[in-house]
Amino acid sequence: MTTLPLPPSLAATLPGRYYTDPDLFRTEQERVFERMWFCAVRCADLDKPGAFRTVQVGRESVLVVRSRTGALNAFLNVCRHRGARLCTDEQGEVRRALQCPYHAWTYGLDGKLIAAPDLTRMPDVDRSAYSLVGVALREWLGYAWVCLADEPPSFEDTVVGAAVERLGDKAAIDHYGTEELALGKRVTYDVRANWKLIVENFMECYHCATIHPELTDVLPEFAGGYAAQYYVGHGAEFGDGVRGFTVDGGEGFGTLPDVPLEQDRRYYAITVKPTVFVNLVPDHVILHRMFPLAEDRTVVECDWLYAPEVVASGADLSRSVQLFHRVNVQDFAACERTQPAMASRAYRDGGVLVPTEHHIGIFHAWLRGRLDAA
Ligand code: FES
Ligand SMILES: [Fe+2]
């Protein structure tokens, strides 16, 4: 097949196999999810010693647990005896220790092996050599980010740096005090699409006029299709009659205390590669965490975070939550509509990006670079 050069208005996407090939997904697991900082757990979900959560990071199950000192620890969820999965529940709480259900090897919340049947009859065994395998953990925005790499990349450059690059200034995100906010609502979406379709969709607004009527009512500039959210420092402005970031443009919950005037009445979107979207609006923060589980399946956990007093007051959050919930449903339906076609002969060489989508090419170049890295 001969391919004609593209006119300058069009740029190439990735070929279809990038979204369907299990071997390529495996390479992504290895070279993207297992090497970068991965947003795993909301810290406040683990609210007492012994509270744990297990998450899939690349090919590994990672166990994040609140220790008795109050710190969060992360371990590979694998017993050092004969490899049984230590915790099979997605979340739960243990009293003082993590006990493997197979032969009862028992680990402290700091991962140290503290007991095992007959261990006292094995005086030659140095139990400190059989601690759970630790995983690097950092907290930011009220979330625990883990990294499976032996030498994790700089958290400041690769995670915090993404926000700074987008907003032009770290203070611009600090103003929302995200780590102090309370969870108002969480929705988990099981999306039958490759994680990259979700990222690409989030990065462009060419689709906004077609599928997001409620969002474009609140943010009229999105109807123009320009991904204004990607110009450094720019936040899309609320429409004239809009009073809040709600499904009908009605009143929200005011403005978070440190959000300055120039950031009020605006929406900012940040992509922290590979799997996080942060959305900032005056009265709340919406944070998406993706868990890519297969080449055609991605679980997305979306949290709506509000000032603690708003959540404590029992205020009705539904009109506030409904706006981005609808956006999510509309976006994920579009991704699911696209996924099956990635395997079609019609998409073997990929599709095209129009000028308002050209910046998605930066994501593609970044991904290719990671996949090529040894
Ligand atoms: S595999 Fe865990 S105690 Fe044996
Ligand atoms: Fe969208």
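Relative to the longest principal axis of the Cα atoms of the chain, helix 318-338 runs at roughly 90 degrees.
With both labels modelled 7 Å from their Cα along Cα-to-Cβ, the Glu179 to Glu30 distance reads 3.6 nm. Only lysines eight or more places from Lys185 in sequence, or on another chain, were considered; those with a Cα closer than 21 Å are Lys48. Per residue, the chain reaches -5500 deg cm²/dmol at 222 nm when only DSSP H runs of four or more residues are counted, each adding -39500 (n - 2.57). For a straight C-alpha distance cut-off of 17 angstrom, the aspartates and glutamates reachable from Lys170 (same-chain residues fewer than eight places away being disregarded) are Glu139, Glu156, Asp157, Glu179, Glu180, Asp258, Glu262, Asp264. According to the square roots a ≥ b ≥ c of the eigenvalues of the Cα gyration tensor, what is the shape class of the range 37-152, taking rounded for a/c under 1.5, prolate for a/b larger than b/c otherwise, and oblate for the remainder? It comes out prolate by the Cα gyration axes.
Extension gain for Val352-Ala129 works out to 74.9 nm (0.36 nm per residue, less the C-alpha to C-alpha distance). Across the accessible surface of the chain, with the other protein chains kept in place and a 1.4 Å probe, carbon and sulfur atoms take up 50 percent.
Accessible surface for Phe155 stands near 10 Å², nearest 10, in the context of the full protein assembly shown (1.4 Å probe).
In straight-distance terms, cross-link reach from Lys196 covers every one of the lysines whose alpha-carbon lies under 19 Å from its own, apart from those fewer than eight places away in the same chain; here that gives Lys273.
Size check on the range 263-374: the Cα extents along the three principal axes, sorted descending, read 54, 31, 26 Å. What's log10 of I(q)/I(0) for the range 110-243 at q = 0.14 Å⁻¹, Debye sum over Cα points only, no solvent? With one equal scatterer per Cα and no solvent, log10 I(q)/I(0) is -0.94. Modelled this way, with points 7 Å down the Cα-to-C-beta line, the labels at His234 and Asp89 are 4.8 nm from one another.
Using only the Cα atoms of the chain, build the gyration tensor, take square roots of its eigenvalues as a ≥ b ≥ c, and label the shape rounded, prolate or oblate: rounded if a/c is under 1.5, else prolate if a/b is larger than b/c, else oblate. Oblate shape, in that a/c is at least 1.5 and b/c is the bigger or equal ratio. Could you calculate the FRET efficiency of Thr106 with Glu139 from 1/(1 + (r/R0)^6), where r is the beta carbon distance between them and R0 is 41 Å, rounded to 0.05? Efficiency at R0 = 41 Å is approximately 0.95.
Between Arg368 and Ser313, the modelled labels are 5.2 nm apart [label points 7 Å from Cα along Cα→Cβ].
The values are calculated or read from the model by the stated rules, or taken from the named source; none is laboratory data. Computed from a predicted model, the values in this text were never measured in an experiment. All Cβ positions, glycine included, derive from the backbone under ideal geometry; neighbour counts span all protein chains shown. In case anyone asks, the SASA skips ligands and DNA or RNA and just uses the protein heavy atoms, side chains included. Shrake-Rupley method; radii C 1.70, N 1.55, O 1.52, S 1.80 Å.
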